[in-house]
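Reading through the structure tokens given below for one structure.
The values are calculated or read from the model by the stated rules, or taken from the named source; none is laboratory data. On a predicted model such as this, the values are computed, not experimentally measured, just so you know. Neighbour counts run over all protein chains shown; Cβ positions are idealised from the backbone, glycine included. SASA here: full protein model, heavy atoms, side chains in, ligands and nucleic acids out. Shrake-Rupley method; radii C 1.70, N 1.55, O 1.52, S 1.80 Å.
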Amino acid sequence: MDDRSTADVADRAEEWEVRGSTTPFQGRVTGVRSEEVRMPDGSWARRDYQTHPGSVSVLALDDQRRVLILRQYRHPVRQRLWELPAGLLDVPGENPLHAAQRELYEEAHCKADTWRVLVDFYTSPGGTDEALRLFLATDLAEAEGRRYEAHGEELELESARVPVEELVRLIHAGKLHNPTLITGTLAVYAALHGPGGLDALRPADSPWPARAF
């Protein structure tokens, strides 16, 4: 195992040679791409993955250090999962912050005065190119106007506000499974207890190399 300085611990862009790329399926938003990629030993290996426009999510933290969470039915896993407000970046050229603000309004009828980037990550880089930007929203208030008219699974959304420390306990106890909720909870817990606190987080308009806008 190599010892590396912290300055060298960062992901880097790289692209291996590809011969042949097809899209055997394309849905309304996502698709499946099949490619042959040259391996380090010179051989070729097929890689199939989901293409995705990207997404945003919001960890809304109130002045009592409680996180706004929503429970929604997710058919592939046959469970109702507690999650954070989130949505697709399926509008070409849309600013991720504006999309996150919209999702917080539509799913929770909530607004926030202060926004920061909490964490950026790939949701499952071995199987999809989906990149997700997770925002931290604070200084919360109820949104004005009528509530957004829900559709589909969102017709039965449940909501709750849970202290950060309790969410951490539930994650470690194996009670919560949504990856964005887990990532966001552990990230905000680390930020709250780290040097500089929440003020050390990046501004909401920080560059996002994984999905330029």
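For the range 151-171, a residue qualifies if it is modelled with pLDDT under 80 and loosely packed, with under 13 Cβ neighbours inside 10 Å, and the qualifying residues are His151, Gly152, Glu153, Leu155, Glu156. For the range 108-125, a tally of residues being open to solvent by 30 Å² or more (accessible area, probe 1.4 Å) and either under 23 Å from Arg28 (Cβ atoms) or without any contact (Cβ under 8 Å) to a residue 60 or more places away in the chain (or both) returns 7.
Among the residues of the range 85-95, which ones are outside any strand (DSSP E or B), buried (at least 16 other Cβ atoms within 10 Å of the Cβ) and free of Cβ contacts under 8 Å to residues at least 40 places away in the same chain? Hit for the range 85-95 is Pro85, nothing else.
Let's see how each residue does on (1) of a type in the set (A, V, I, L, M); (2) open to solvent by 70 Å² or more (accessible area, probe 1.4 Å); (3) within 16 Å of Arg71 (Cβ to Cβ):
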| position | (1), (2), (3) |
| --- | --- |
| Leu97 | yes, no, no |
| Ala100 | yes, no, no |
| Glu142 | no, yes, no |
| Gly145 | no, no, no |
| Glu149 | no, yes, no |
| Leu176 | yes, no, yes |
| Arg202 | no, yes, no |
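So how many residues does the range 17-41 have that are more than 26 Å from the chain's Cα centre (by Cα) and surrounded by 10 or more Cβ atoms within 10 Å (Cβ to Cβ)? Steps first, please.
Within the range 17-41, the subset more than 26 Å from the chain's Cα centre (by Cα) is 17-22, 24, 36-41.
With the extra rule that they be surrounded by 10 or more Cβ atoms within 10 Å (Cβ to Cβ), the set shrinks to 18, 20-22, 36-39.
Matching residues across the range 17-41 total 8.
Between residues in the range 3-27 that are polar (S, T, N, Q) and residues that are at pLDDT 90 or above, which pairs lie under 7 Å by C-beta distance while being six or more apart or on different chains? The qualifying pairs are Ser21/Arg33; Ser21/Glu35; Thr22/Ser34; Thr23/Gly31; Thr23/Val32; Thr23/Arg33.
Looking at Leu61, is it within 17 Å of the chain's Cα centre (by Cα), surrounded by 14 or more Cβ atoms within 10 Å (Cβ to Cβ), at pLDDT 95 or above and among the hydrophobic types (A, V, I, L, M, F, W, C)? So Leu61 passes the test.
Candidates in the range 127-140 are the residues that are in contact with an Asp or Glu (Cβ under 7 Å, 6 or more places away or on another chain) and not aliphatic (A, V, I, L, M); of these, the one that is surrounded by the most Cβ atoms within 10 Å (Cβ to Cβ) is Arg133.
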